[in-house]
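K.L.:
Take this structure, written in structure tokens, and hold onto it; I'll ask about it next.
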Amino acid sequence: MGEYATRLVVGVGGRAGVSVAEVCALVEETLRGAGLASDAVTALATVESKVPEPGIAGAAERFGVPLIGYPAEKLAGISVPHPSDAVRDAAGTSSVAEAAALAGGGELLVPKRRSVAATCAVATVQAHDLRHHGDAEVVDTGGALVDLAVNVRADTPPDWLKQRIAASLGDLAAYPDGRAARAAVAARHGLPVERVLLTAGAAEAFVLIARALGAVRPVVVHPQFTEPEAALRDAGHQVERVLLRAADGFRLDPAAIPEDADLVVVGNPTNPTSVLHPAATLAALARPGRILVVDEAFMDAVPGEREALAGRVDLPGLVVLRSLTKTWGLAGLRIGYVLAEPQVIAKLSAAQPLWPVSSPALVAAEACVTPAALAEAEAAARQIAVDRAHLLAGLAEFDEITVTGVAEGPFVLIRVAGAAEVRTRLRALGFAVRRGDTFPGLDHSWLRLAVRDRATTGRLLQALDHALALAAL
């Protein structure tokens, strides 16, 4: 699937009492002067203190787009081409229009324009292909490439799990009964069954959340797995992004989340950055009236599952997603689950179709949460940590490659000049790696590498050395 079309965000500022007519006239004149169509505008943006201003709110309504309000402290941290000390003193940011236009992470297309009582600026955002996933790197290759693009653990599912699933095929004539699997998952996390919902992978859970929980101001923390935002947009939501910066090691500051966000989605450890956020940092985001969705699809690949929130019942609105597809190699079977307050589980369940999880998937869910399976997963997590250290040590030998943040998951995010060319050369050398530019907050200089055994990593490093040498010619 190709990338979405370019969208426009118009940043707007105005004096108290500015009229709807003046704001609209300035925006329309600015767009027309730049050869831009008003129907390409997807939002008006301003500082939070200006959101109640009738002239600005009315302009957004007249254009038929949402009005996004950003905290002054967020806008104050954005570099703008035309700063004003007077505006900073009055509004807390040196240019409301330019900073608000840029706050979504785009590029300024039209700098600040003025009328008597209003200002506006236009930013263009090339939306990312939210539906691109790692499997696209290896589809139709017939196994000819070493797959470092998909984060499913190698050499899975194990034989004992295959046998358990195969033994369930004799029961396919009966409708699925998820009670035993649900109870097993609940027991694994020390929760009552009313706090557990089984789903066809974590991806289904994102769709249910988008459709059933009625968010007004959803916020997705990026870079992260793109399916949550895609599901929210498909359900008609206007999604606000909080972009973590490479310069900060992709660490999350709870203050970056808008105070009135009623749905917040964050991954831990995060795909693709491999950063593991402290549980206390994420817990600080929970509050009454907010749904806090923490995607822990890769948490069982972290030794000891440290920083996990699964099983917590003291945080209001907490929704934890887990997947069994990564560690156990069950991507084709589709099995995951949601842990949340009973009333949230009831809403999500009501949005599910009948019998959403197949009988073989239910058998797999029950099998993968036994004490023996959990011990096996823990041993695999510890081996992944060793193999990841070997990969990171090898990558550190390349001056051209930067690893940003502290990797704690079964994958590593790297930055390299000419990444698209390097990726193409690696394919020619037999390795598929994940492009990074489809993740909001990243560009064409990023690649994601799955962690594999030492022998595979050794061959990858040799291929990478070759690919970088060719790029230098």
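K.L.:
Over the chain, with the other protein chains present, what is the accessible area per residue in square angstrom, probe 1.4 angstrom? Walk me through the intermediate numbers first.
P.N.:
Values: 19550 Å² over 473 residues.
It amounts to 41 Å² per residue over the chain.
K.L.:
Please say if the range 370-473 is rounded, prolate or oblate, where rounded means a/c under 1.5 for a ≥ b ≥ c the square roots of the C-alpha gyration tensor eigenvalues, and otherwise the choice is prolate for a/b larger than b/c and oblate otherwise?
P.N.:
Values: a/c = 2.21, a/b = 1.73, b/c = 1.27.
Judged from the Cα gyration tensor, the range 370-473 comes out prolate (a/c at least 1.5, a/b above b/c).
K.L.:
While we're here: Using a basic spin-label model with each label point 7 Å from the Cα along Cα→Cβ, how many nm lie between residue 32 and residue 107?
P.N.:
Once both label points are built, they end up 2.7 nm from each other.
K.L.:
Would you rank 222, 444 by solvent-accessible area, highest first, keeping every protein chain in place and using a 1.4 Å probe?
P.N.:
444, 222
K.L.:
Shifting gears a bit: By how many degrees, 0 to 90 and rounded to 10, does the Cα axis of helix 54-63 deviate from the longest principal axis of the chain?
P.N.:
60
K.L.:
Quote to one decimal, in nm, the extra length available between residue 114 and residue 424 on full extension: 0.36 nm per residue of separation minus the C-alpha distance between them.
P.N.:
Details: separation 310, 0.36 × 310 = 111.60 nm, distance 4.67 nm.
Using 0.36 nm per residue and subtracting the Cα-Cα distance, I get 106.9 nm.
K.L.:
Figure the gain on full extension for residue 462 and residue 287 (residue separation times 0.36 nm, minus the Cα-Cα span) and round it to one decimal in nm.
P.N.:
Answer, rounded to one decimal: 58.1 nm.
K.L.:
Nearest-5 percent of antiparallel DSSP beta bridges in the range 45-162?
P.N.:
60
K.L.:
Once you have the Cα-Cα distance between residue 62 and residue 259, take 0.36 nm times their residue separation minus that, and quote the gain in nm to one decimal.
P.N.:
Extra length from residue 62 to residue 259 when fully extended: 68.3 nm.
K.L.:
If a/c stays under 1.5 just call it rounded; otherwise compare a/b with b/c (prolate if a/b is bigger, oblate if not). Do that for the range 7-84, with a ≥ b ≥ c from the square roots of the Cα gyration tensor eigenvalues.
P.N.:
Cα axes put the range 7-84 in the oblate bin.
K.L.:
Please report the antiparallel percentage of DSSP beta bridges with both residues in the chain, rounded to the nearest 5. Mind dumping the intermediate values first?
P.N.:
On the way: 33 of 60 bridges.
About 55 percent, rounded to the nearest 5.
K.L.:
In addition: Bin width 20 Å, origin at 0, all Cα-Cα pairs of the chain: what percent of pairs per bin?
P.N.:
23, 51, 24, 2
K.L.:
If R₀ is 25 angstrom, what is the calculated FRET efficiency for the pair residue 379 and residue 166, using the beta carbon separation as r and rounding to 0.05?
P.N.:
Values: r = 24 Å, r/R0 = 0.95.
Between residue 379 and residue 166 the formula returns 0.55.
K.L.:
Between residue 346 and residue 173, what FRET efficiency comes out of the Förster formula 1/(1 + (r/R0)^6) with R0 = 30 Å and r the beta carbon distance, rounded to 0.05? Display every interim value, and only then the final one.
P.N.:
Details: r = 30 Å, r/R0 = 0.99.
Plugging the Cβ-Cβ distance into 1/(1 + (r/R0)^6) gives 0.50.
K.L.:
Using only Cα atoms, find the angle between the long axis of helix 454-472 and the longest principal axis of the chain, and express it within 0 to 90 degrees, rounded to the nearest 10.
P.N.:
40
K.L.:
Further question: Which percent of the accessible heavy-atom area of the chain goes to carbon and sulfur, probe 1.4 angstrom?
P.N.:
54
K.L.:
May I pose another question? Helix-only mean residue ellipticity at 222 nm, the chain, DSSP H runs n ≥ 4 weighted -39,500 (n - 2.57), per residue, nearest 500. What is it?
P.N.:
Numbers: 16 runs with 165 residues, N = 473.
Computed ellipticity for the chain at 222 nm equals -10500 deg cm²/dmol.
K.L.:
While we're looking at this one, here's another question. Sum up the lysine pairs in the chain that clear both bars: alpha-carbon distance under 19 Å and a spacing of 8 or more or different chains. Present the calculation step by step, with values, prior to reporting the outcome.
P.N.:
Values: 50/74; 50/112; 74/112; 162/326.
Lysine pairs, 8 or more places apart or on different chains, close enough: 4.
K.L.:
Would you mind getting me the FRET efficiency between residue 279 and residue 469? Use the beta-carbon distance for r and R0 = 45 Å, nearest 0.05.
P.N.:
Here the calculated transfer efficiency is 0.55.
K.L.:
Which of 183, 205, 14 sits farthest toward the positive end of the charge dipole of the chain, with +1 on the Cβ of Lys and Arg and -1 on the Cβ of Asp and Glu?
P.N.:
The residue sitting most towards the positive pole is 183.
K.L.:
Ranked highest first by the average count of other Cβ atoms within 10 Å around their residues, in what order do 195-205, 43-53, 256-266, 353-363 fall?
P.N.:
195-205, 43-53, 256-266, 353-363
The values are calculated or read from the model by the stated rules, or taken from the named source; none is laboratory data. Since we're looking at a predicted model, the values are computed, not measured. Counting neighbours? That spans all protein chains shown, and the Cβs are built from the backbone with ideal geometry, glycine included. The accessibility values were calculated without ligands, DNA or RNA, using every heavy atom of the protein model including side chains. Shrake-Rupley method; radii C 1.70, N 1.55, O 1.52, S 1.80 Å.
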